[in-house]
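First the structure, in the form of structure tokens, and then the observations on it.
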Amino acid sequence: MTCSVAPFSRPLVVIAADRIDWHGHPAHAVLHGYVRAASECAGVMALGLPAEAGAFDADSLIDSIDGLLLTGSPSNVSPEHYGAPALPEEVLLDPARDATVLPLLRRLVIAGVPILGVCRGFQEMNVAFGGTLDPAVHTRPGRLDHREGDHTRPIERWYDDSHDIDIAPGGVLAGLLGERRVCVNSLHHQGIDRLGQDLCVEATAPDGLVEAFSVAGASAFALAVQWHPEMRIDDCALAQAIFIAFGAACRQRQLRRLRSVASTLVST
């Protein structure tokens, strides 16, 4: 399987940005790996979604986009959003992104907007659907150390495959690849504690930790993975399949959205 780009008008997908400090200036950042995967593999036109809830309204966003890509990030979802104690001061948070993304997710799913969540995005989706997070999986008895390991390595080596996942039969992932066990580049310290409502387990790690889920009953693609497919679109069939399927769902959404617009114009 290879990534391909559709030759016609591309669906519009927004990529959730992080709020960062850039030489003393508040800024909105999206890593290039997500832009490349969205453009080259999903075949969509990707734009950054500012981490600023007041920069847009949900109704206008829903009317205008064909998909949402929730990225990974060094920051954690703030525990106040899932009823857990505060994290140590040194843990990086991004309250602006929390305030932007979390209120949107259920509305987008209900509206039929395709969503792909990666790493932090996986955790955001779980919290948005009422789930909770474990802030330090590696400290729990019986759990693997899912962190990225030696930081002195070149950063691309952080995204080497780290452990197997077992793919649940009959799910979205099983339908994409047809394999029951694959190795993925999972690197994280937070993980799912309690799975959110209406979420279906798609894959688990050898220690039982949930590594992927989909949204039950969603009318469009709604998948989240704990690993980083955006970094492996050149050499991983599963990574390619995930972004190709996301892109196909976004094109279906685009057709429905444009037909609705055309129908409204004709009727007026």
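All of the numbers you see were taken from the coordinates with simple rules; none came from a lab. These numbers were taken from a predicted model, which means no experiment stands behind them. Cβ atoms come from the backbone with ideal geometry, glycine included; neighbour counts cover every protein chain shown.
Between ASP166 and SER260, the contour length at 0.36 nm per residue exceeds the alpha carbon distance by 29.8 nm. With one equal scatterer per alpha carbon and no solvent term, the Debye-computed log10 I(q)/I(0) for region 169-268 at 0.10, 0.12, 0.24 1/Å reads -0.36, -0.48, -1.39. For region 1-108, the list of chymotrypsin sites (Phe, Trp or Tyr not before Pro) that fall in a loop by DSSP and count at most 12 other C-beta atoms within 10 angstrom reads PHE8. Counting neighbouring beta carbons within 10 Å and listing from fewest to most, the residues GLU89, GLU230 come out as GLU89, GLU230. With R₀ set to 30 Å, the beta-carbon distance separating LEU92 from ASP207 gives a calculated FRET efficiency near 0.75. In terms of surrounding Cβ atoms within a 10 Å radius of their Cβ, PHE246, PHE221 rank from fewest to most as PHE221, PHE246. Quick check: the distance between the Cα centres of region 100-135 and region 197-268, to the nearest angstrom? With region 100-135 and region 197-268 each reduced to a Cα centre, they are spaced 12 Å. Estimated from helical segments only, the mean residue ellipticity of the chain at 222 nm is -8000 deg cm²/dmol, where each DSSP H run of four or more residues counts as -39500 (n - 2.57).
Unpaired Cys in the chain, meaning no second Cys C-beta under 4.7 Å: CYS119, CYS183, CYS200, CYS236, CYS250.
Each of GLY130, ALA222, GLY33 was scored by the projection of its Cα onto the charge dipole of the chain, and the greatest displacement toward the positive side belongs to ALA222; charges sit on the C-beta of Lys, Arg, Asp and Glu.
Label separation (ARG106 vs HIS25): 3.7 nm, computed from points 7 Å beyond Cα along the C-beta direction. Size descriptors for region 1-139: radius of gyration and Dmax over Cα atoms are 15.5, 50 Å. The fraction of Cα-Cα pairs per 5 angstrom bin, counted from 0 for region 12-267, comes to 1, 6, 13, 18, 20, 18, 12, 6, 3, 1, 0, 0, 0 percent, rounded to whole percents.
Length gained on full extension, HIS81 to GLN197: 40.3 nm, using 0.36 nm per residue less the C-alpha separation. Rounded to the nearest 20, the Cβ-based charge dipole of region 12-267 about its Cα centre (Lys and Arg +1, Asp and Glu -1) stands at 820 debye. Over region 59-123, the fraction of Cα-Cα pairs per 5 Å bin, rounded to whole percents and listed from the shortest bin up, is 4, 14, 27, 22, 16, 10, 5, 2. Ordered by the number of other Cβ atoms lying within 10 Å of each residue's own Cβ, fewest first, PHE129, PHE122 fall into the sequence PHE129, PHE122. The long axis of helix 237-267 is offset from the longest Cα principal axis of the chain by roughly 30 degrees.
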